[in-house]
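*Asks:* Okay, handing you the structure first.
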Amino acid sequence: MTALKAHVENGRVVLDEPMDLPDGTVLRVVAVADGDDLDDAERAELHAAIREGLEDMKAGRTYAVADVIAELRSRS
């Protein structure tokens, strides 16, 4: 099922869009935290890894996803 967007108003969860579920349907509501739990050093490391990956991609240092999956499956 697709996630539904909602907000809290006067202590109640209010959907921001219509939904087509029957009365009595049980839903699990999970609050989405803003941002993430990375500190400055971890964020810098993540950004460096992303830059490195983009440089590898531009230089043609890539692998076909099917080959990667096949390799991972062969290890188990």
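*Asks:* Conditions first: (1) touching an Asp or Glu at 6+ places or on another chain (Cβ under 9 Å); (2) modelled with pLDDT under 90; (3) surrounded by 10 or more Cβ atoms within 10 Å (Cβ to Cβ). LYS5 passes all but one, so which condition is the exception?
*Replies:* Status for LYS5: all satisfied but (3).
*Asks:* Out of the stretch 36-74, which residues are of a type in the set (Asp, Glu) and part of a loop (DSSP other than H, G, I, E, B)?
*Replies:* Quick first cut of the stretch 36-74, residues of a type in the set (Asp, Glu) only: 36-37, 39-40, 42, 45, 52, 55-56, 67, 71.
ASP36, ASP37, ASP39, listed by residue number.
*Asks:* Quick one: would you say LEU21 is over 24 Å from the mean Cα position of the chain (by Cα) and surrounded by 10 or more Cβ atoms within 10 Å (Cβ to Cβ)? Give the steps one after another, and end with the answer.
*Replies:* On the way: over 24 Å from the mean Cα position of the chain (by Cα): yes; surrounded by 10 or more Cβ atoms within 10 Å (Cβ to Cβ): yes.
Yes; evaluated as a whole, the condition is true for this residue.
*Asks:* If you scan the stretch 1-15, which residues turn out to be more than 20 Å from the chain's Cα centre (by Cα) and more than 18 Å from ALA33 (Cβ to Cβ)?
*Replies:* Taking the stretch 1-15 first, the residues more than 20 Å from the chain's Cα centre (by Cα) are 8-15.
Of everything in the stretch 1-15, those that are more than 20 Å from the chain's Cα centre (by Cα) and more than 18 Å from ALA33 (Cβ to Cβ) turn out to be GLU9, ASN10, GLY11, ARG12, VAL14, LEU15.
The values are calculated or read from the model by the stated rules, or taken from the named source; none is laboratory data. Source: prediction; values computed, not measured. Positions of Cβ are backbone-derived with ideal geometry, glycine not excepted, and every protein chain shown enters the neighbour counts.
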